[in-house]
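Below is one structure, written out as structure tokens; comments come after it.
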Amino acid sequence: MQSKTSNDFFYQEFQNRLKVHHLSLLDQTSTLNKLIDDTIQDYQLNKNTDRTVDLIQQLQEIVESIFNKLSENLSPEENDSLTKVCRRFNEDNGIWEIRDSHIEERFPHEEIRILPSTVEKEKMSSFVETYFPFGPTKLTNRESLSPDQVNPKISELPQEEKPVFYEPLQVIQVEQQVDQDINQSPQKNQNSNQAEPEPAVDEIISEEVKTEIDGLIKSITAELAEHKIDNAHDLLEKLRSLPTSRTLNKKETDYHHAKLRLNQLLISDVDSEYKDCQQIIRELEDENGYNVEGVKKNFTIKYKQAAGQNISLKMEGIIDVPVFNMIALIYEMEGYSLWMPFCKEGKTVKNVARASKAGYIKFNIPPPVFDRENYIYGSGFDRIKKNGSILICAKSIEGKEDVCQRYDIQIPPPGKTTRLHIEYMGGEFTPVGKDKMRMNIVCKVDLKIKFIPLSIINWIVRKAAQFLIDRLIKKATNFKGTLWEKKIQENRQFYGWLESKINEYLDGESVDQQQKAPSK
């Protein structure tokens, strides 16, 4: 058996690369994945089992320290990367080869050696975890083990279930305990041939209840991934009200509560995004205090002075523009300077989900106002089946620590440029034909201008809104040879999804009209 040598090049280089605490979480997991690959490759070349065991144990300790320092607000990308590096400890064939070799060298028991890991992983798991702990367990000191524990027979190996620690990060210890405790029949008394009495009905969880709870959580996740916020919220309310809509026993109630705790991040996302949507919907419906600024063909611009320096605008009407094109204009922030009044720069800071992103906008406003900037977070939601629309919600994220931490959005500290504040901005975009749409937009903005009378600011903003509508219609009419044509071709994942939603609605509307048309 070879021993680890602290003076060989690979071992020293490994120690240097293991210092990952100063890196971001994504860089840490990337580095750890590469170190796992290199360690397995080194073992395959040199067969130095003891050294490899030591190196992998160090990797495991780093992963455990990362878990101990985690906040609950992981981005989906961080969640996925950390889950993958953790799963390797339980699923990587290279790791299992090292485990088998280590057991064979430490415990040269013939019955153990003939166990192929591909068949007997479950039988070996508990025993391996005891001495070679890749799970979140404390290392057992081999010197404290009895002779039977050091070199047991196959029949004496622990038969406990393999830990499921390295499942996705939302699966934590409480779920393991729920799965182990619920529906687990009592084992026979080892000192008696008589079996313990069967548990009472109110002491077990029925498969029907378990399937319903798990199915609701799965459906909520799927609907949120499709940006169908109304469906996700309705399912969440059904999940929450399950104990009142049907009778649950104590075990079933415990399981329900545990699942709610385990999926708190998912629940928080649904609640937050539904709240943003409802705010935009309420503001679109509210006509109190608005004055009509102007009417252009079928389009109306309204305004009202809100509290302080805030200005509220509402723009609504029917325009001869494909809804697909209009949403593309709004989605591609790099093109904002081509149609948005006074916009000097627009860029995407981070794509959070298929129809959610954080971005940056800078406005070059003439003196005496000068430049303004804003960091914004926005999402689109599929309400086609609800009311035929696609709803867009956006708001400033300056000072919104919950949003920034949740999605790992890095906002630099303020510089010389004043940051305006968007309390809310959004609207409904409804196709009424292939090349026609209804557009209802609402926003509330504070330009952070205190030295100019609000009446003048109002007038400037209202005129800018009229110019905005003209530019939007002009740019959205034809994309041939433009930035947006290129972006649509590059991002078929998003635009193909969007196109299918719109076409599904238009096809359904066409069928409805045919069915309602009087027969000749």
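Computed extension gain for Thr221 through Lys347, at 0.36 nm per residue and net of the alpha carbon distance, reaches 42.5 nm.
Take the Cα of Gln57, step 7 Å toward its Cβ, do the same at Arg354, and the gap between the two points is 4.7 nm. Using θ = phi - 60° in the Karplus curve 6.51 cos²θ - 1.76 cosθ + 1.60, the 3J(HN,Hα) couplings for segment 420-427 round to 6, 10, 9, 5, 7, 7, x, x Hz; x is entered for Gly and Pro.
Sort 437-449, 269-281, 477-489 by packing, meaning the average of other beta carbons within 10 Å per residue, with the highest value first. Mind dumping the intermediate values first?
Numbers: 437-449: 19.9, 269-281: 17.8, 477-489: 13.8.
Per-residue mean Cβ counts within 10 Å order the peptides as 437-449, 269-281, 477-489.
When the convex hull of the Cα atoms of segment 282-510 is projected onto a plane and the area is averaged over all directions, what value comes out in nm²? Let's see the in-between values first.
Details: hull surface 51.9 nm².
Value for segment 282-510: 13.0 nm².
Taking amide hydrogens as placed 1.01 Å from N in the peptide plane, the amide H of Val432 sits under 5 Å from those of Met437, Arg438, each at least 5 positions away in sequence or on another chain.
For segment 336-394, trypsin sites (Lys or Arg not before Pro) are listed when DSSP marks them as loop and at most 12 other Cβ atoms sit within 10 Å of their Cβ; the list is empty. Our summary of shape: the Cα atoms of segment 206-262 have principal axis extents of 34, 20, 17 Å, ordered from largest down, in whole angstrom. Proximity of backbone amide H atoms, modeled 1.01 Å from N, is registered between Glu345 and Lys362 at under 5 Å, excluding neighbours fewer than 5 places apart on the same chain.
Rounded to the nearest whole Hz, the Karplus-based 3J(HN,Hα) values (6.51 cos²θ - 1.76 cosθ + 1.60, θ = phi - 60°) of segment 435-443 follow the sequence 10, 9, 8, 9, 10, 10, 10, 9, 7, with x at glycine and proline.
None of the figures in this text is laboratory data; all of them are computed from the coordinates on show. Just so we're clear, the structure is a prediction, and the values are computed from it rather than from any experiment. Quick reminder, even Gly has a Cβ in these numbers, built from the backbone with ideal geometry, and neighbours come from all protein chains shown.
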